[in-house]
Amino acid sequence: MDSLTYIQHLKKEYPVKQIGDEPDLAGRLIAHLGNRLPEFIKHKINNGTINVAEIQKSDPQAFVKEVSENDYAVVIHSGLSEFVYRVVRAISTRVVDHNLGVETGETFDDTVRIVAEIFWWFQETGQSFGPEYNIHEYQKKIASIITTEVESFFLAHELGHIIFPKEDKLSFEKVIERLTFGDYKGFIRSDDHPHFGEFVSDATAASVLLGIYTDCIDSNPVLNNLRYVGIEFGLMIFSGLEALEFPTSDSHPTFKERINSVREIVRKWTNDDEQWQNLIQLASYFELLFERIIETIANPSTSQIEYYEDSAAKVLEKIEDSLDRHSISLEEKPKQQDFVNVKLDSGETVKMPMPNFDFNDDSITPKYSQFYMEVSDILSVGYSHVFFEKLAKEFRKNIKLSHEQLVELEFKLGLIEKNQRIKILKKNEDLFYQLKEFQKTKLLHGYFSRQANPSGEYFFMKVYG
Ligand SMILES: [Zn+2]
């Protein structure tokens, strides 16, 4: 099999949404890197001995495979991009620019909580999901630029494995042969290090991103700053996962080690300390921020814990209240309908009953659509972990009747005129209670079965195991 066939197979199995001939993420990243890619790599891409592709898989990964001799497939999962963007976007809300009127829309504690929830969803479902929050257009732009650079870094890392394959002893001849990359002496760890190949790939990727060996270093310092953030920040996010004891890649050294190694190397590429400090300015800011966030997730202060517990309780209360208002109630329909005076064309005035626009008023069914709208707003704030925890504990716990009995009960009561029905239920408090709980579960079922995001699947897993 050749790499193209291999890619075609993968693409068929994990198709990404693509518009017409638009390139996928991998194709866009290759174009984005453009002249920063070494000739050697561009040549192989052009003659089809490197094929790159994005596939729709949720675990944030990229990999390279030598499909047949000297013929490579480089694959990036869409989940990598989704996860990185979600984290970077949340953190970018801390970037302020008073001159541009860009302020943070959330408190630091909330940013911490939002990032924690993104990690929580990732841990629970392996997918990228999280709450909504305030973000400025400018911050979105920053997030999107950084994400592209992070993705480029991970792609370039895989290409790095092609430039310097593991079995390569990195002889000088080989380096010459591969043209574009100069002398690595002085910054590569000793080649008996178990992760030697990974550090080399990171170094290669860093040089590609910064355009070092292809002589494409940009004259715009801000752009270089952002490219450097791309190099570090992807590694940082994954080192954050490590710090929180998430299982991460096994074939690679720890991300913290990789950050340090990349730093050491890039520092040697700069002319002096000032140039170095300028280059890493933004990355250092993000690192500091990110470390504080990870630190807070791991060890929140007492006041932070109180704040989170309070807010979570408020969210739960709102959900309870919404379930209550949109399921069956004992409120009777007003007996005396209101009348209005209607003037006819003939001039006479007649008294007519006020038209009833609430068609559902008499119905026994829960008010689904109103509930969906309301609960979606409430849940978008977050605290999903608390909500699902409670749900798993209490869901259907108090329902004694079987599903069939409840369906039948609801149906039969639905045939009775509303006020009559309420009279019956008032006399049978337990029956009312059972029916109410049943309707609440139906509301939640209905809502979560409509969710395309991971929360839908998670709900059913949590409730039914
Ligand atoms: Zn690697």
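So that you can scan it fast, the table gives a plain yes or no per residue for (1) in a helix (DSSP H, G or I); (2) among the charged types (D, E, K, R); (3) within 29 Å of Asp97 (Cβ to Cβ); (4) away from the ligand (no atom under 16 Å from the Cβ):
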position	(1), (2), (3), (4)
Phe246	no, no, no, yes
Glu257	yes, yes, no, no
Glu264	yes, yes, no, yes
Gln275	yes, no, yes, yes
Glu287	yes, yes, yes, yes
Ile294	yes, no, yes, yes
Ala312	yes, no, no, yes
Val315	yes, no, no, yes
Lys318	yes, yes, no, yes
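Kindly establish whether Arg89 is surrounded by fewer than 20 Cβ atoms within 10 Å (Cβ to Cβ) and in contact (Cβ under 8 Å) with a residue 40 or more places away in the chain.
On the way: surrounded by fewer than 20 Cβ atoms within 10 Å (Cβ to Cβ): no; in contact (Cβ under 8 Å) with a residue 40 or more places away in the chain: yes.
For Arg89, the condition - surrounded by fewer than 20 Cβ atoms within 10 Å (Cβ to Cβ) and in contact (Cβ under 8 Å) with a residue 40 or more places away in the chain - is not met.
Being within 16 Å of the ligand (Cβ to nearest atom) and at pLDDT 80 or above is the filter here, so list the residues in the range 193-217 that pass it. Lay out the reasoning, then the answer.
Initial filter on the range 193-217 (within 16 Å of the ligand (Cβ to nearest atom)): 193-209.
Within the range 193-217, Glu198, Phe199, Val200, Ser201, Asp202, Ala203, Thr204, Ala205, Ala206, Ser207, Val208, Leu209 qualify.
Within the bounds of the range 66-76, is there any residue that is out of contact with any Ser or Thr (no Cβ under 7 Å at 6 or more places or on another chain), crowded, with 23+ Cβ neighbours inside 10 Å and either in a helix (DSSP H, G or I) or not assigned by TED's automatic domain parsing to the domain that holds Tyr285 (or both)?
no
Candidates Val64, Val112, Val96, Val102: the one that is farther than 20 Å from Leu159 by Cα and touching a strand residue (DSSP E or B) at 6+ places or on another chain (Cβ under 7 Å) is Val96. Determine if the range 218-232 includes at least one residue that is within 16 Å of the ligand (Cβ to nearest atom), out of contact with any Pro (no Cβ under 8 Å at 6 or more places or on another chain) and in a helix (DSSP H, G or I). Within the range 218-232, one or more residues are within 16 Å of the ligand (Cβ to nearest atom), out of contact with any Pro (no Cβ under 8 Å at 6 or more places or on another chain) and in a helix (DSSP H, G or I).
Residues are listed down the side, and each one gets a yes or a no for (1) at pLDDT below 90; (2) under 19 Å from the mean Cα position of the chain (by Cα); (3) within 16 Å of the ligand (Cβ to nearest atom):
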{"residue": "Ser92", "(1), (2), (3)": "no, yes, no"}
{"residue": "His98", "(1), (2), (3)": "yes, no, no"}
{"residue": "Thr104", "(1), (2), (3)": "yes, no, no"}
{"residue": "Thr111", "(1), (2), (3)": "no, yes, no"}
{"residue": "Thr125", "(1), (2), (3)": "yes, yes, no"}
{"residue": "Glu132", "(1), (2), (3)": "no, yes, no"}
{"residue": "Glu167", "(1), (2), (3)": "yes, no, yes"}
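Listed here are the residues, each with its yes/no results for (1) buried (at least 17 other Cβ atoms within 10 Å of the Cβ); (2) more than 24 Å from the chain's Cα centre (by Cα); (3) among the charged types (D, E, K, R).
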| site | (1), (2), (3) |
| --- | --- |
| Trp269 | yes, yes, no |
| Ala283 | yes, no, no |
| Asn299 | no, no, no |
| Arg325 | no, yes, yes |
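Please verify whether the range 99-116 includes one or more residues that are within 30 Å of Ser207 (Cα to Cα) and part of a strand (DSSP E or B). No: zero hits. Residue count for the range 9-44 satisfying the condition of being exposed (fewer than 13 other Cβ atoms within 10 Å of the Cβ) and in a helix (DSSP H, G or I): 7.
Being surrounded by fewer than 18 Cβ atoms within 10 Å (Cβ to Cβ) and among the β-branched types (Val, Ile, Thr): is that true of Thr125 here?
Taking the combined requirement at face value, the residue satisfies it.
Restricting attention to the range 136-164, the residues being surrounded by fewer than 17 Cβ atoms within 10 Å (Cβ to Cβ) and either over 24 Å from Pro454 (Cβ atoms) or of a type in the set (A, V, I, L, M) (or both) number 3. Checking each residue in the range 405-428 for being in a helix (DSSP H, G or I) and either at positive phi or free of Cβ contacts under 8 Å to residues at least 12 places away in the same chain (or both) picks out Gln405, Val407, Glu408, Phe411, Lys412, Gln420, Lys423, Ile424, Lys427. The sole residue among Phe460, Phe432, Phe448, Phe438 that is without any contact (Cβ under 8 Å) to a residue 40 or more places away in the chain, assigned to a helix (DSSP H, G or I) and over 30 Å from the mean Cα position of the chain (by Cα) is Phe438. Within the range 138-166, residues that are within 20 Å of Asn51 (Cα to Cα) reach partners that are of a type in the set (S, T, N, Q) and within 11 Å of the ligand (Cβ to nearest atom) with beta carbons closer than 6 Å, at six or more positions or on different chains, in the pairs His157/Ser201; Gly160/Ser201; Gly160/Thr204; His161/Ser201; Ile163/Thr204.
Of the numbered conditions (1) in a loop (DSSP other than H, G, I, E, B); (2) at pLDDT below 85, Asn271 fails exactly one; give the number of that condition. It fails just one condition, (2). Within the range 378-406, the set of residues being farther than 21 Å from Ser455 by Cα and surrounded by 13 or more Cβ atoms within 10 Å (Cβ to Cβ) comprises Ile399, Leu401, Gln405, Leu406. If I filter the range 30-45 for residues that are of a type outside the set (A, V, I, L, M, F, W, C), within 16 Å of the ligand (Cβ to nearest atom) and within 15 Å of Ile7 (Cβ to Cβ), do I get at least one hit? No, the range 30-45 contains no residue that is of a type outside the set (A, V, I, L, M, F, W, C), within 16 Å of the ligand (Cβ to nearest atom) and within 15 Å of Ile7 (Cβ to Cβ).
The values are calculated or read from the model by the stated rules, or taken from the named source; none is laboratory data. Given the structure is predicted, the values throughout are model-derived calculations rather than measurements. Glycine gets a Cβ as well: all are built from the backbone with ideal geometry, and neighbour counts include every protein chain shown.
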